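Read-outs throughout are calculated quantities, based only on the coordinates presented, and are distinct from any laboratory measurement. This is a predicted model, so every value here is computed, not measured. As a convention, Cβ positions derive from the backbone with ideal geometry for all residues, glycine included, and neighbour counts pool all protein chains shown.
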Amino acid sequence: MRSSYNRIGMLTLGFAFATSATICLCASTQATGLSGSVAPASTLFKQAGELLDAGSFEQAREKTVEGLKLQPQSAAGLNLLGLIYGSEKKYELSADSFKKALRFAPRSAEIHNNLGNTYLLEHKFKEAENEFRATLGLNPSNRDANYNLGIALLAEHRAKEAT
């Protein structure tokens with residue numbers, strides 16, 4: 001399951017963002033509240049990913065926040081939150097979530113790519129370039145990052161480097 005801004009009608013360039021199905025979900029943690037057992041964080045993140053894919057952004061955000069209360073250092077949960085904010089065109093919040101996720105998973109090519117996509121949408125082309133280069137440094141065969149790097153370079157009028 002891959003979600004993209006293109007698919008949900010927000011951007012026509014086809015930037016692909018990874019959703020819960022393609023990110024590594026952290027080990028589940030359970031908590032018990034007054035109403036009984038709470039779903040493990042991984043279950044909440046999975047549900048949130050499905051809601052995101054269905055276009056139910058507010059519900060997806062609520063599930064993700066609930067999961068992050070159980071696992072506040074979950075790179076997967078923070079990445080998912082960034083995807084949700086990006087889908088809502090809340091790019092500053094999206095970038096903040098991806099940056100937080102990278103604190104816990106600095107070698108995640110997917111999160112670097114997602115942050116780069118957010119920077120592209122904000123017209124922060126140099127920052128986007130840096131994130132796509134980081135993605136390619138971690139995963140040289142990442143076609144999305146390679147394509148997106150080309151877009152960032154073209155936006156900076158550096159066509160020779162983009163080819």
>> On a full-extension model of 0.36 nm per residue, what is the gain between H157 and V65, subtracting their alpha-carbon distance, rounded to one decimal in nm?
In response: 29.2 nm
>> Please give me the summed charge of the neighbours of H157: other residues whose Cβ is under 15 Å from its Cβ, Lys and Arg +1, Asp and Glu -1.
In response: 0
> Can you give the net charge of the other residues whose Cβ lies under 12 Å from the Cβ of K63, counting K and R as +1 and D and E as -1?
Replying inline: -1
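What is the local net charge at L78, summed over the other residues whose Cβ is closer than 10 Å to its Cβ (Lys, Arg +1; Asp, Glu -1)?
It works out to a net charge of +2.
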